[in-house]
Each structure stands twice: as C-alpha cells, then as structure tokens.
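Colleague: Pasting a structure here, questions to come.
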Amino acid sequence: MSSEAAQEGRSLHSAGGVVYRRRDDGTIEVCLIQPRRDRWALPKGMIEHGETSEQAALREVREETGLRAAITTPLGSLTYYFFAGGKRVRKTVDFYLMRFLDGSTDDHDDEVLSAAWLALVDAERLLAYPNERRVLADARAQIGLELRQAG
C-alpha cells in the first residue's frame, strides 16, 4: 500500500444511475431516492466482488428504486472523500444514464425511505449533493441527444 493510500485509509468503488422516462405529455422525469428524510440522491451502491460497474449500477437501481432499466451511456465518475472510523475514505462512483424499462417505485428496498419520479427540473433542485447535480446536468444533455436521435 502506498503511503498516500495509508493516509487515506481505504478506497471504495460504487456505481449508480440516472433513470429517465418520457411521459405522454413530453415531460422528462428521473427517479431519485430518499436515503434520509432531509436528502434526495441518485441511486448508487457498492460494486460487489465479481460484478462489473455496469452490473452493479443496474442492480443498485433495481434494489433502491424498484425499477428495471437499460444503460444507454456512461456519465462519468465522481470521486470524493469522507471520514469513517477516524480515517479518510476515498470513494469513486461510476454513473450511467439509463432508460426506464418497467417496475414500480413502490418496490424499493428498505435501504431507502422512498423512491420517486420527479420532473427533471424538480430533481435538479432537490438533489442534496452538488456533484450529483452536475451528473444530472450531464444526463439532461445526453437525454436531449437521445430523444432527438429517436425522432
């Protein structure tokens, strides 16, 4: 282990997604989770042994939102630091844009308080973390491209 890694404690790797759908009236909605009463976030979680980042992202979205989705494009990765047990932890999260296939937000697991479809503009306002707002802004641009290509 490098001296830098020893100072940081440990590194974690997670994956998640921005799941979107287009309503009949043309409104674009994304699904957010509420891990705590005072926070809305994008669904994400740890990559398990033997999983790819993409597999983990799809699994975490299914578990935390109750939705099944298909990855359309990578949105990049976030890296941030936090403290746990008195040690600095480096966490990297890979995000993917995902098109909604089926499922119900009522079927989310008990790791989150709720999962909900929100209009894209409302979701941008409600996200608790600035770095996730940037991911959602990137997703918004990509959704526009995908919808234009689909005609």
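Colleague: Mind checking which residues of the stretch 64-86 are within 12 Å of the chain's Cα centre (by Cα) and charged (D, E, K, R)?
Modeller: Matches in the stretch 64-86: Glu64 only.
Colleague: From the list Leu101, Leu127, Leu113, which one is free of Cβ contacts under 8 Å to residues at least 40 places away in the same chain and surrounded by 11 or more Cβ atoms within 10 Å (Cβ to Cβ)?
Modeller: Leu101
Colleague: Which of the residues spanning the stretch 41-97 are surrounded by 12 or more Cβ atoms within 10 Å (Cβ to Cβ), in contact with a strand residue (DSSP E or B) (Cβ under 7 Å, 6 or more places away or on another chain) and of a type in the set (S, T, N, Q)?
Modeller: Ser53, Thr65, Thr72, Thr73, Ser77, Thr92
Colleague: Just checking, how many residues over the stretch 138-151 are over 16 Å from Glu29 (Cβ atoms) and out of contact with any strand residue (DSSP E or B) (no Cβ under 8 Å at 6 or more places or on another chain)?
Modeller: The number of residues fulfilling the criteria is 6.
Colleague: Take Ala116 and decide whether it is within 15 Å of the chain's Cα centre (by Cα), of a type in the set (Gly, Ala, Ser) and either at pLDDT below 95 or not in a helix (DSSP H, G or I) (or both).
Modeller: yes
Colleague: State whether the residues of the stretch 84-91 include one that is out of contact with any Pro (no Cβ under 9 Å at 6 or more places or on another chain), at pLDDT 95 or above and closer than 21 Å to Gln142 by Cβ.
Modeller: no
The values are calculated or read from the model by the stated rules, or taken from the named source; none is laboratory data. Note that the structure is a prediction, hence the values are computed from the model and not measured. Glycine also receives a Cβ, built like all others from the backbone with ideal geometry; neighbour counts cover every protein chain displayed.
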